[in-house]
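First the structure, in the form of structure tokens, and then the observations on it.
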Amino acid sequence: MALIADGLTYTYGAGTSFSVPALDGVRLTVGRGELVVVAGTTGSGKSTLLRLLAGVLAPTGGSATVDGVPTTAPSARGRVALVFQNPEAQFFAETVLADVSFGPRNLGAGDPGAVAREALAQVGLDPEAFAPRSPFTLSGGEARRVAIAGALAMRAPYVLLDEPTAGLDRAGRQAVLASIAAERERAGVVVVTHDPAEVLAAADRVIALARGAVAFAGTVPELLAGYAAYEGAGLRLPDVVRAQLLAIERGAPVKRVEFEPERAAAVLADARGAES
């Protein structure tokens, strides 16, 4: 049981003189309980990949399946939840509650309102304060968190998030990252981002896209052991990680690589002490 891209290819305007290739032979597998980070610069094909995995687009080559079913098939309905990069594109209802509860209501949830309120709380928004508000009066950060709540409320076995922490303040980022960690306990989660620093440490696998193709695919330890292909895709590891990797390359006895700055500083201090 998995969400799978097998040789996935997509061309916008295929068969016309205006065709633009967006993805070329991408392979990706996401199991339930896994967090996969897809990184890439602007135009690398990240958002197109999510739309194909969610069944919003049909591939021009290869396949995208969810639990053995094509993502575009009617029977795939409700299995994949997608949060777009621009959350305002998802809003249509008069209130936040109506918008967030739309998915669970259509999927036959017993109490869609309760599910929606739980999802709002999961992303750090007070249901009592936000449920009656119009989604079109929200700030950018609030809109992003409400859009994520709408996806979480579907309780889909796979959740796809496009730049989920973009534009959020510190409290908002922490709430969204906590909700991703909680969702990963029951679902397969894909996070697409051009700056994966906040989610890299928790990832099961990392995929780096460049010009629509996979430039790197592997676990985080594999990435740390050989990051040239990753950075060759125009990406950059977090500075705190790079500092430790450079120390290792220069022969320092760094025991492990940490992603949190204070822990990284302690590791580097220990390595320096071991050298003296």
Result of the Cβ filter at 8 Å on the range 231-252, keeping first residues that are over 22 Å from His194 (Cα atoms) and free of Cβ contacts under 8 Å to residues at least 24 places away in the same chain and partners that are part of a helix (DSSP H, G or I) and charged (D, E, K, R), at least 6 apart or interchain, is Ala252/Arg272; Ala252/Glu275
| query | Looking at Ile207, is it among the hydrophobic types (A, V, I, L, M, F, W, C) and modelled with pLDDT of 95 or more? | reply | yes
Here the residues within the range 141-157 that are touching a residue at least 40 places away in the same chain (Cβ under 8 Å) and not basic (Lys, Arg) are Ala143, Val146, Ala147, Ile148, Ala149, Gly150, Ala151, Leu152, Ala153, Met154, Ala156, Pro157
Taking the range 251-265 and keeping residues acidic (Asp, Glu) and in a loop (DSSP other than H, G, I, E, B) leaves Glu258, Glu260
Exercise. Can you spot a residue in the range 56-63 that is crowded, with 17+ Cβ neighbours inside 10 Å, farther than 18 Å from Val190 by Cβ and either hydroxyl-bearing (Ser, Thr, Tyr) or out of contact with any Leu (no Cβ under 9 Å at 6 or more places or on another chain) (or both)?
Worked result: yes
Expected single match for under 28 Å from Thr11 (Cα atoms), surrounded by 19 or more Cβ atoms within 10 Å (Cβ to Cβ) and either of a type in the set (Val, Ile, Thr) or not assigned by TED's automatic domain parsing to the domain that holds Thr11 (or both) among Val123, Val100, Val66, Val115 is Val66
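Residue by residue, here is whether (1) within 23 Å of Thr48 (Cα to Cα); (2) aromatic (Phe, Trp, Tyr); (3) out of contact with any Pro (no Cβ under 8 Å at 6 or more places or on another chain) holds:
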site: Ala119; (1), (2), (3): no, no, yes
site: Gly124; (1), (2), (3): no, no, yes
site: Phe130; (1), (2), (3): no, yes, yes
site: Leu138; (1), (2), (3): no, no, yes
site: Ile148; (1), (2), (3): yes, no, no
site: Val159; (1), (2), (3): yes, no, yes
site: Pro164; (1), (2), (3): yes, no, yes
*asked:* Quick check on Gly40: is it in contact with a helix residue (DSSP H, G or I) (Cβ under 8 Å, 6 or more places away or on another chain) and modelled with pLDDT under 95?
replied: yes
**Asked** Within the bounds of the range 249-256, is there any residue that is buried (at least 19 other Cβ atoms within 10 Å of the Cβ), over 30 Å from Gly124 (Cα atoms), among the aliphatic types (A, V, I, L, M) and not assigned by TED's automatic domain parsing to the domain that holds Gly78?
**Response** yes
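The values are calculated or read from the model by the stated rules, or taken from the named source; none is laboratory data. Small disclaimer: the values here were computed from a predicted structure and weren't measured. Quick reminder, even Gly has a Cβ in these numbers, built from the backbone with ideal geometry, and neighbours come from all protein chains shown.
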